Amino acid sequence: MSERLNSAAVAEKAIVHAELPRARAAGHALFERSEPTLAEAIATYRAPDAVETANIRQDVDRTFEMPSVLYGATVALYLGFIAILGVGLSTPELAIPMAIFAIFIVGLFGAPALWLGLGRKPEAKAKSFGELMRGGIQTHTGLLAGRDAVAQMMVLPVLIVLWGCTVLVIAGVVSA
């Protein structure tokens, strides 16, 4: 879960003191005072007039502002890797492990997608692909152009698929 913090948000919520705290005349008195007994503590206790309920619900951006098309492409490439290896190295012993891998991939991307739909609708919304290409995305290190963000997000899934193809080529050369 992430919350966007910038200097304006931090300054808005910061507690600013106009004066420095005053020095105590006798600092040692702070450590030498005796603790009140239980009876004294109960006798001096005053219940609060009204109980404030804390608003713990926060609108947190869980979309990372990335278009869902990119997440779909990532899932497709991961499942493509599993399919490439499953078809290329087709043996009966690999059927169950490949099915388990595919179920895990769908589950690991599907559970967060379902989680976004639970509860009330968040104010944060993922950018469309066109918005990402036009405006880019703000990262911790600054504004990133849309094409650079797509390249960063898709480089690993593409390399994994290429790795799967390479494994099949090597297996074919070795077995021939």
Fill in: Residue that is modelled with pLDDT under 95 and assigned to a helix (DSSP H, G or I), where the choices are Ala83, Ala102, Ala76, Ala113
Ala113
Item to complete: Please indicate, with yes or no, whether at least one residue in the range 136-144 is open to solvent by less than 60 Å² (accessible area, probe 1.4 Å), among the hydrophobic types (A, V, I, L, M, F, W, C), without any contact (Cβ under 8 Å) to a residue 12 or more places away in the chain and within 14 Å of Met66 (Cα to Cα).
Response: yes
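Got a sec? Which of Ala126, Ala171 is part of a loop (DSSP other than H, G, I, E, B) and among the hydrophobic types (A, V, I, L, M, F, W, C)?
Ala126
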Worksheet item: Can you tell me how many residues in the range 86-99 are open to solvent by 30 Å² or more (accessible area, probe 1.4 Å), without any contact (Cβ under 8 Å) to a residue 40 or more places away in the chain, in a helix (DSSP H, G or I) and of a type in the set (Gly, Ala, Ser)?
Response: 2
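The values are calculated or read from the model by the stated rules, or taken from the named source; none is laboratory data. Just so you know, these numbers come straight off a predicted model, no measurement behind them. Methodologically, a virtual Cβ is constructed for each residue, glycine included, from the backbone with ideal geometry; neighbour enumeration extends over all protein chains shown. The protein model used for the area step is the full one, side chains on, heavy atoms only, and it has no ligands, DNA or RNA in it. Shrake-Rupley method; radii C 1.70, N 1.55, O 1.52, S 1.80 Å.
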